[in-house]
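Participant: Here it is, the structure, as structure tokens.
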Amino acid sequence: MIAEVYPLMRLPRGKKAFDYVVPDDQMPQRGSFVRIPYRQEEIWGIVKNVKDKPPRGITLRPLTATRKDIGIREEELSFFERLSHELAQSVSSVLYAALPTPPVRLSEKRNPDLSWLPLTLPTSEAQHVLRIVQTLANRGQAFIQAPDLRRATAVILGSLQKQPEQKTLILAPTVRDVRLVRSRLTGHTPLVITGEETERERFNTWQALRRLPYAVLLGT
């Protein structure tokens, strides 16, 4: 069997998937993470397709390894393929930019529980915040201006309590703001990606977000 693989690296627009022989002890499928020999090194790749055809007189190199515990879904890979066409980029380049690099061994370590800071507002402002939260719930989208981070976080927290069973993305301007918002999201332990994490931490956070039915992702 032959696996067509997108190497996770920047490649020119005209470069497509590369063919590799599938060893008998491996069973990759579309979307699998695989290790492939590329020139003088070994890199990660994403399987585009697996075909049951012999090589046409060309000596192909075999896959080094196939990760059975990680991969991307059909709808995700199809999205990246469409996106690469719209951006006039190779699929490999888009995947390289979008996907975190898998570590050699996955870790089950999760974000530690938080010691939340108190989030209090003057009684006179409570009804105003509730009206804002209700407006967001009814409209689905709105532009809200808050005088400071504490009041903005109160609106966010109210929205999360109004619609708890969904995935929510919160973006803050700086890492400091992310830490302040995170410490005041009482009752929530958001996943965090700011750019300061290691490759392993980014990959584990990405995997956790994809596995959970609903979650809060906080980043810059």
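The values are calculated or read from the model by the stated rules, or taken from the named source; none is laboratory data. Note that the structure is a prediction, hence the values are computed from the model and not measured. As a convention, Cβ positions derive from the backbone with ideal geometry for all residues, glycine included, and neighbour counts pool all protein chains shown. We work out accessible area using only protein heavy atoms, side chains counted, and drop any ligands, DNA or RNA first. Shrake-Rupley method; radii C 1.70, N 1.55, O 1.52, S 1.80 Å.
Participant: Give the value in nm², to one decimal: projected area of the alpha carbon convex hull of the chain, averaged over all directions.
Facilitator: Approximately 15.3 nm², given one-decimal rounding.
Participant: How far is it, in nm, from the label point at Ala97 to the one at Leu180 when both lie 7 Å from their Cα along the line to the Cβ?
Facilitator: Placing both labels 7 Å along Cα→Cβ, they lie 3.2 nm apart.
Participant: Next question. What Rg and what Dmax come out for segment 123-197 when only alpha-carbon atoms are used, in angstroms?
Facilitator: Calculated on Cα positions, Rg and Dmax stand at 12.7, 40 Å.
Participant: Sort segment 167-215 into rounded, prolate or oblate with this rule: let a ≥ b ≥ c be the square roots of the eigenvalues of the Cα gyration tensor; rounded if a/c is under 1.5, and if a/c is not under 1.5, prolate when a/b is larger than b/c, oblate otherwise.
Facilitator: oblate
Participant: Using DSSP loop states and a limit of at most 16 other Cβ atoms within 10 Å to flag trypsin sites (Lys or Arg not before Pro), what is the longest stretch of the chain containing no flagged site?
Facilitator: Answer from the scan: 111-220.
Participant: Given 5 Å bins starting at zero, what is the percent of C-alpha pairs of segment 116-156 in each, up to the one with the largest pair distance?
Facilitator: Pair shares across the bins are 5, 21, 34, 23, 12, 4, 0.
Participant: Oh, and also: Kindly provide log₁₀ I(q)/I(0) values, in the same order as q = 0.11, 0.16 Å⁻¹, from the Debye equation applied to equal alpha-carbon scatterers of segment 1-81.
Facilitator: Debye output, listed in q order: -0.26, -0.56.
Participant: May I ask for the net charge around Ala137, where only other residues with Cβ less than 15 Å from the Cβ of Ala137 are counted and Lys, Arg are +1 while Asp, Glu are -1?
Facilitator: +2
Participant: Nearest 500 deg cm²/dmol is fine: what mean residue ellipticity at 222 nm does the chain get from its DSSP H runs of n ≥ 4 alone, each adding -39,500 (n - 2.57), divided by its residue count?
Facilitator: -11000 deg cm²/dmol
Participant: Can you return the lysines within cross-link range of Lys48? Criterion is Cα-Cα under 23 Å, with same-chain partners fewer than 8 residues away left out.
Facilitator: The qualifying lysines are Lys15, Lys16, Lys68.
Participant: Can you give me the accessible area per residue for the chain, using a 1.4 Å probe, in Å²?
Facilitator: For the chain, the per-residue accessible area is 64 Å².
Participant: Per the Debye formula with a single identical scatterer at each Cα and no solvent contribution, what log10 I(q)/I(0) holds for segment 9-53 at q = 0.15, 0.20, 0.33 Å⁻¹?
Facilitator: Rounded to two decimals, the profile gives -0.41, -0.73, -1.47.
Participant: Report the FRET efficiency, 1/(1 + (r/R0)^6), for Leu209 and Asp25, where r is their Cβ-Cβ distance and R0 is 25 Å, rounded to 0.05.
Facilitator: The calculated FRET efficiency here is 0.20.
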